[in-house]
Amino acid sequence: MTYDPDNIFAKILRGEIPCDKVYEDDHVLAFNDINPQTPKHILVIPKGAYVSFDDFSEQGSEAEIAAFMRAAGKIARDAGMIESGYRILANTGRDAHQDVPHFHLHIFAGKNLGRMIKPPEK
Ligand code: 5GP
């Protein structure tokens with residue numbers, strides 16, 4: 001899948017549309033989800049043009065990957081999620097209903113998240 005530079009997160013990265021930023025460094029941006037599924041719902045994205053988890057894993061530099069992992073943990077800590085817990089999710093591709101084709105982690109917290117992800121109703 002080729003990267004679409006007009007996806008919504010690319011626009012956020014270029015400052016063309018606003019976001020409720022919670023973290024930023026040279027390689028990473030994180031912001032609150034516009035349609036939160038849990039009381040705390042943060043999106044973490046690399047600044048580079050990567051479509052998916054596997055794209056980032058294959059094409060990302062060591063510095064980008066290290067920064068991303070460090071940032072995701074820091075964001076969870078700084079958001080006060082450590083004691084009660086949190087869930088990290090990366091929807092990838094059609095079957096996972098990835099809507100935005102720029103790699104992102106969801107970090108969910110703020111309530112009991114249940115044991116399993118429920119499959120969609122048929
Ligand atoms: P996906 O289904 O691709 O894993 O998740 C995309 C997420 O991006 C959704 O949770 C959706 O609410 C969020 N989202 C879509 N557009 C925007 C936006 O313009 N701003 C923010 N902050 N979140 C968005």
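Some values worked out for this structure:
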quantity: Test: residue in segment 44-53 that is of a type in the set (Val, Ile, Thr) and either without any contact (Cβ under 8 Å) to a residue 24 or more places away in the chain or surrounded by fewer than 16 Cβ atoms within 10 Å (Cβ to Cβ) (or both); calculated: no
quantity: Number of the exception - residue 63 against (1) part of a loop (DSSP other than H, G, I, E, B); (2) among the small types (Gly, Ala, Ser); (3) exposed (fewer than 12 other Cβ atoms within 10 Å of the Cβ); calculated: (1)
quantity: Residue among 9, 103, 56 that is within 10 Å of the ligand (Cβ to nearest atom), closer than 30 Å to residue 115 by Cβ, outside any loop (DSSP other than H, G, I, E, B) and touching a Pro at 6+ places or on another chain (Cβ under 9 Å); calculated: 9
quantity: Hey, residue 84 loosely packed, with under 13 Cβ neighbours inside 10 Å, at pLDDT 95 or above and either assigned to a loop (DSSP other than H, G, I, E, B) or on the phi > 0 side of the Ramachandran plot (or both) or not; calculated: yes
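The rows are residues; the columns are (1) under 13 Å from the mean Cα position of the chain (by Cα); (2) farther than 17 Å from residue 92 by Cβ; (3) among the small types (Gly, Ala, Ser).
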| site | (1), (2), (3) |
| --- | --- |
| 5 | no, yes, no |
| 22 | yes, yes, no |
| 32 | yes, yes, no |
| 38 | no, yes, no |
| 45 | yes, no, no |
| 63 | no, yes, yes |
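The values are calculated or read from the model by the stated rules, or taken from the named source; none is laboratory data. Since the structure is predicted, the reported quantities are computational estimates derived from the model, not experimental observations. No Cβ is skipped: glycine too gets one built from the backbone with ideal geometry, and neighbour counts run over all protein chains shown.
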